[in-house]
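Colleague: Input: one structure, supplied below.
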Amino acid sequence: MSQSAANPDAKPAANPSQQLPKAYEFREVEDRWYRNWLEHKNFRATMDESRPSFSIVIPPPNVTGVLHVGHALNNTLQDILVRYRRMQGYNVLWLPGTDHAGIATQNVVERQLAAKGVSRQEMGRDKFIERVWQWKEESGGQIINQLKRLGCSCDWDRERFTMDEGLSKAVRAVFVRLYKEGLIYRGNYIINWCPRCHTALADVEVEHEETAGALYHIRYPLADGSGHLVVATTRPETMLGDTAVAVHPGDERYRDLKEAAVILPLVNRKIPIVYDTHVEKDFGSGALKVTPAHDLNDFEIGRRHELPVLKVMDDHGVMNEEAGAYAGLDRFACRKKIVADLEAAGLLEKIEDYQHGVGQCYRCQTVVEPALSRQWFVAVKPLAARATSAVREGEINLLPKMWHNTFYEWMDNIRDWCISRQIWWGHRIPAWTCESCGELIVEESDPDLCPQCNSDNLRQEDDVLDTWFSSALWPFSTLGWPEQTKELQMFYPTSVLITSFDILFFWVARMMMMGLHFMDQVPFRDVYLHALVRDKHGKKMSKSKGNVLDPLELMDKYGTDALRFTMAAFAAQGRDIKLAEERIEGYRHFINKLWNAARFTLMQISDHQEPHLAAPGDRLSREQSPAQVNEVASPTDELSLPHRWILSRAGKVADEVSRALDDYRFNDAANVAYQFVWKEFCDWYLEWIKPELYGDDQAVKAHSRAVLLRVLEDILKILHPMIPFVTEEIWHALPGARSSIMVEPFPVADPARQDDAAEAQAELLMEVVGGIRNIRSTYLLHPSATIKVGIICTEANRVATLQELAGAIKGLTRSDSLEIITQGRRPEGTATHILPELEIFVPLAGLVNVAAECAKLDKEEKKLNQELQRIQGKLGNEKFMAKAPPEVVAKEQAKEAELLATLNTIRENRRRLQAIG
Ligand SMILES: [Zn+2]
Ligand SMILES: [Zn+2]
């Protein structure tokens, strides 16, 4: 490793030809450069107002988190953008941090305690929370180091935590203000309750699992003995809490039932029949049992008709004393018993198979119970309306656009947000009840006395806030709000939010609501929602399926740059990412290709004998380097075609990559850069200029080297945001004392270098050379055989161009003569390749020994035929076919197909050879 690469501030190495080792050793390089960037504070946002700001807040990973492929994608995309904007001269802030992740973190610590036989209840609230903080200090936040490993250029000095002092202050300020504005209230409501986690869940925390269940049709006898109504339910145990039966007022079947009542089976309670337009006439018999304490719709019907609310189940999902004879039974056991009892009483009309979505807790998959409880809510409707119009009016640019309708629909039907959680780890609700007079006190700082009666007997709410409450404030709380800080002024609204679509409602929508309400400005201008990373077959990765790809292992195996480039190349808007390990391996080849191109370039530059480079160690300074290139190769200079072409293309590619990154088309940025580097720069340009580099003309050599170096520099800069490590390493091996490539300007096309004529000529060259190479491979010409080429072309301009290109065409195809014919036809005994308005031909006489080549083909054909017979014998064998596993049969069939195709090619080649003959 050269000294200059190991330490950019050290004296440059004396012998530039040894600057890059043969193989790219990513492990050592990644670690060294990351430390270097940190030491030089390259990730730091400044308070420099002279430059435009660009800011991103990280979607804070859970403090319990371990880097998974979703994080790898999400953070690679953010890092690409911030590196790109830094190079464009923006004052960039990428603000990192972690989320306290209420339930998840509490579960981790509870599990640790359980292993020692201690419960949190035994420990008590204060001790338990102390224990969680201790866990957080010791083992929380390992994901931060993993993000560093990924190359993330976050401003780590500004790292935040959703429960740090400042953010906790912001949480209280928001809670109190919303409460005083009447937008936070406490009330009875049907919430989603997890009987295992013992907490309320937000609607979005409930996963609906399609389940094969049953629909029970139950007879409710009319009180006057004149018959019965049939109600249908999937949860018969809740009938114990029924307080009415509802029918639609327009339902002809029930129009005579005004003032009527039914007798609730098994408990023999008389309950009324009510008319409500909410009832679906077409569902079952059109009669609906109403259980206000255990179903949201029923709760609302109950409110409209002032029905009693009867809770028959406790917090554990066990029937309570209101359930009478069923008290003490688990809800599912109760269901069984009720069904049996109804059947015995002749009140069960029928049981139908019924496929329906059953709500499950997203943490533990326990079936969620809709339950009546006293909770805290945010009245989100007014907040949501503002957020929706910000998207509708384009103040927030939500990408991809396919999410708009889902977003509007969800926001337009949004229900109040239940924000209280019955756990200990989190922001405890800043509300106190006076035990003396019952006054409810909601304040930012802990009150000492009741303002009503001066009692000091105050009790704080036990519940904490939903984790998403604090993360909803993330874009402004992390910048110092409620203080009016300079950071807020400079970096709010943030420029863009990059996140996964699955937290659009959990998080993104709520940040919009809170940001608009408290800052009076959108929290971000753009939102880019990326897809989920799935396995190569499109299946969700899960531990149970064993198809999880671990980004840390992938980085160990292929290097961070290869993983990052893959993520970028896959990130097409609106498409799921099917991650195959082979692709990462493929992009590692790309990185090696770039490395080898750089080594080639350095070898050319190292035997540079220009006077100003002659003295050992006296290399060009960075300031001199581009100037020197321009001096040697200024636009007015008569550069040869390959240089004019590659400079023109490099400019276009820089602009295309810029446009793609501006539009969040990461995959286009990656692919454009990839194609340019691999095909145009490595495969064509480097080959094309070899005669100049190896020739004797010193002036031509100097031009070539200067342009080669210049284009390589541009390539490194274009690729840096995507593959930061290898580009930085190569950058420092190039001549001149160099600062980090991170602070270089991102390339833009120089109009003086745009040369459409050169591009058209190079296109023609590539087509013609491609055509000649095609002939060589079709007729199996030996790679070292020299050939003669003829081109028939009648178009005068092209003829002139071809004459100019003749030398290059010959050099790139091992041809010792090139004849351009404007009239006439292709001679006999020649092979041909036809292009638009061009016909290429190569005389084959003397090049091909037809008899010998045919004999080779015959031999090959014989061998393959034997193999084919063997396989066909197997496939025709009934015993084999009956016994062999299907994958073995499929393998043999694939071999057969492959052999048949190869044999076809052999026959075709022989036919061509014989035609020359
Ligand atoms: Zn649960
Ligand atoms: Zn009081």
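Colleague: Please state which of the following conditions L458 fails to meet, knowing it meets all the rest: (1) crowded, with 20+ Cβ neighbours inside 10 Å; (2) farther than 16 Å from L383 by Cα; (3) in contact with a strand residue (DSSP E or B) (Cβ under 8 Å, 6 or more places away or on another chain); (4) at pLDDT 95 or above.
Modeller: It fails just one condition, (1).
Quick grid of which residues meet (1) within 18 Å of V69 (Cα to Cα); (2) modelled with pLDDT under 95; (3) surrounded by 15 or more Cβ atoms within 10 Å (Cβ to Cβ); (4) small (G, A, S):
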residue: P493; (1), (2), (3), (4): no, no, yes, no
residue: V522; (1), (2), (3), (4): no, no, yes, no
residue: Y528; (1), (2), (3), (4): yes, no, yes, no
residue: Y558; (1), (2), (3), (4): yes, no, yes, no
residue: A562; (1), (2), (3), (4): yes, no, yes, yes
residue: A569; (1), (2), (3), (4): yes, no, yes, yes
residue: E581; (1), (2), (3), (4): yes, yes, yes, no
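Colleague: With respect to I423, is the statement that it is open to solvent by less than 50 Å² (accessible area, probe 1.4 Å) and either closer than 30 Å to S373 by Cβ or at pLDDT below 90 (or both) true?
Modeller: The answer is yes for I423.
Colleague: Inspect all residues belonging to the range 213-221 and state whether any of them is hydrophobic (A, V, I, L, M, F, W, C), touching a residue at least 12 places away in the same chain (Cβ under 8 Å), crowded, with 21+ Cβ neighbours inside 10 Å and touching a Leu at 6+ places or on another chain (Cβ under 8 Å).
Modeller: Within the range 213-221, the first condition is being hydrophobic (A, V, I, L, M, F, W, C), and the residues that meet it are 214-215, 218.
Then drop every residue that is not touching a residue at least 12 places away in the same chain (Cβ under 8 Å), which leaves 214-215, 218.
Of the ones still in play, those that are also crowded, with 21+ Cβ neighbours inside 10 Å are 218.
Retained after the next criterion (residues that are touching a Leu at 6+ places or on another chain (Cβ under 8 Å)): 218.
Checked against the condition, which is being hydrophobic (A, V, I, L, M, F, W, C), touching a residue at least 12 places away in the same chain (Cβ under 8 Å), crowded, with 21+ Cβ neighbours inside 10 Å and touching a Leu at 6+ places or on another chain (Cβ under 8 Å), the range 213-221 yields at least one hit.
Colleague: Against the condition charged (D, E, K, R), away from ligand 2 (no atom under 16 Å from the Cβ) and without any contact (Cβ under 8 Å) to a residue 12 or more places away in the chain, how does K127 come out, does it pass?
Modeller: Details: charged (D, E, K, R): yes; away from ligand 2 (no atom under 16 Å from the Cβ): yes; without any contact (Cβ under 8 Å) to a residue 12 or more places away in the chain: yes.
Criteria met by K127.
Colleague: Could you tell me how many of the residues in the range 351-376 are more than 13 Å from ligand 1 (Cβ to nearest atom) and among the charged types (D, E, K, R)?
Modeller: So the answer is 3.
Colleague: Going residue by residue through the range 293-304, is there one that turns out to be within 47 Å of the chain's Cα centre (by Cα), surrounded by fewer than 17 Cβ atoms within 10 Å (Cβ to Cβ) and part of a loop (DSSP other than H, G, I, E, B)?
Modeller: In the first step, residues of the range 293-304 are kept if they are within 47 Å of the chain's Cα centre (by Cα); the result is 293-304.
Checking the rest, the ones that are also surrounded by fewer than 17 Cβ atoms within 10 Å (Cβ to Cβ) come to 296, 300, 303-304.
Subsequent filtering for residues that are part of a loop (DSSP other than H, G, I, E, B) retains none.
Checked against the condition, which is being within 47 Å of the chain's Cα centre (by Cα), surrounded by fewer than 17 Cβ atoms within 10 Å (Cβ to Cβ) and part of a loop (DSSP other than H, G, I, E, B), the range 293-304 yields no hits at all.
Colleague: Could you tell me whether T366 is within 16 Å of ligand 2 (Cβ to nearest atom), open to solvent by 20 Å² or more (accessible area, probe 1.4 Å) and under 27 Å from T199 (Cβ atoms)?
Modeller: Values: within 16 Å of ligand 2 (Cβ to nearest atom): no; open to solvent by 20 Å² or more (accessible area, probe 1.4 Å): yes; under 27 Å from T199 (Cβ atoms): yes.
When the stated conditions are applied, T366 does not pass them.
Colleague: Okay, moving on. The conditions are (1) part of a loop (DSSP other than H, G, I, E, B); (2) within 25 Å of T467 (Cβ to Cβ); (3) within 13 Å of the chain's Cα centre (by Cα), and Y528 fails exactly one of them. Which is it?
Modeller: (1)
Colleague: Could I ask something else about it? Examine the range 158-177 for a residue that is within 16 Å of ligand 1 (Cβ to nearest atom), open to solvent by less than 30 Å² (accessible area, probe 1.4 Å), under 30 Å from R428 (Cα atoms) and within 31 Å of the chain's Cα centre (by Cα), and state whether such a residue exists. Talk me through it step by step, then tell me what you get.
Modeller: Step one: list which residues in the range 158-177 are within 16 Å of ligand 1 (Cβ to nearest atom), which gives none.
Taking every residue of the range 158-177 in turn, none turns out to be within 16 Å of ligand 1 (Cβ to nearest atom), open to solvent by less than 30 Å² (accessible area, probe 1.4 Å), under 30 Å from R428 (Cα atoms) and within 31 Å of the chain's Cα centre (by Cα).
Colleague: Are any residues in the range 373-385 open to solvent by 30 Å² or more (accessible area, probe 1.4 Å) and either hydrophobic (A, V, I, L, M, F, W, C) or modelled with pLDDT of 95 or more (or both), and if so, which ones? Please lay out each step first, then the result.
Modeller: If we filter the range 373-385 for residues that are open to solvent by 30 Å² or more (accessible area, probe 1.4 Å), which is where we start, we get 374, 381-382, 385.
A385 - this is the single residue of the range 373-385 that is open to solvent by 30 Å² or more (accessible area, probe 1.4 Å) and either hydrophobic (A, V, I, L, M, F, W, C) or modelled with pLDDT of 95 or more (or both).
Colleague: Identify, by number, the condition in (1) in contact with an Asp or Glu (Cβ under 8 Å, 6 or more places away or on another chain); (2) in a loop (DSSP other than H, G, I, E, B) that C334 doesn't meet.
Modeller: Here C334 meets the rest and fails (2).
Colleague: In addition: With the condition kept exactly as written, say whether any residue in the range 407-416 is among the basic types (K, R), open to solvent by 10 Å² or more (accessible area, probe 1.4 Å) and at pLDDT below 95.
Modeller: Step one: of the range 407-416, the residues among the basic types (K, R) are 415.
Those left that are additionally open to solvent by 10 Å² or more (accessible area, probe 1.4 Å): 415.
Of the ones still in play, those that are also at pLDDT below 95 are 415.
Yes, the range 407-416 contains a residue that is among the basic types (K, R), open to solvent by 10 Å² or more (accessible area, probe 1.4 Å) and at pLDDT below 95.
Colleague: Quick one: count up the residues across the range 194-207 that are within 10 Å of ligand 1 (Cβ to nearest atom), touching an Asp or Glu at 6+ places or on another chain (Cβ under 7 Å) and either open to solvent by 20 Å² or more (accessible area, probe 1.4 Å) or modelled with pLDDT under 85 (or both).
Modeller: 1
Colleague: Is it true that Q460 is within 16 Å of ligand 1 (Cβ to nearest atom) and of a type in the set (S, T, N, Q)? Talk me through it step by step, then tell me what you get.
Modeller: Values: within 16 Å of ligand 1 (Cβ to nearest atom): no; of a type in the set (S, T, N, Q): yes.
Considered against the rule, which asks whether it is within 16 Å of ligand 1 (Cβ to nearest atom) and of a type in the set (S, T, N, Q), Q460 comes out as no.
The values are calculated or read from the model by the stated rules, or taken from the named source; none is laboratory data. It should be emphasised that the depicted structure is a prediction, and the values quoted were computed from it without experimental measurement. Ideal geometry is used to build each Cβ from the backbone, glycine not excepted, and the neighbour counts take in all protein chains shown. With ligands, DNA and RNA removed, areas are computed over all heavy atoms of the protein, side chains included. Shrake-Rupley method; radii C 1.70, N 1.55, O 1.52, S 1.80 Å.
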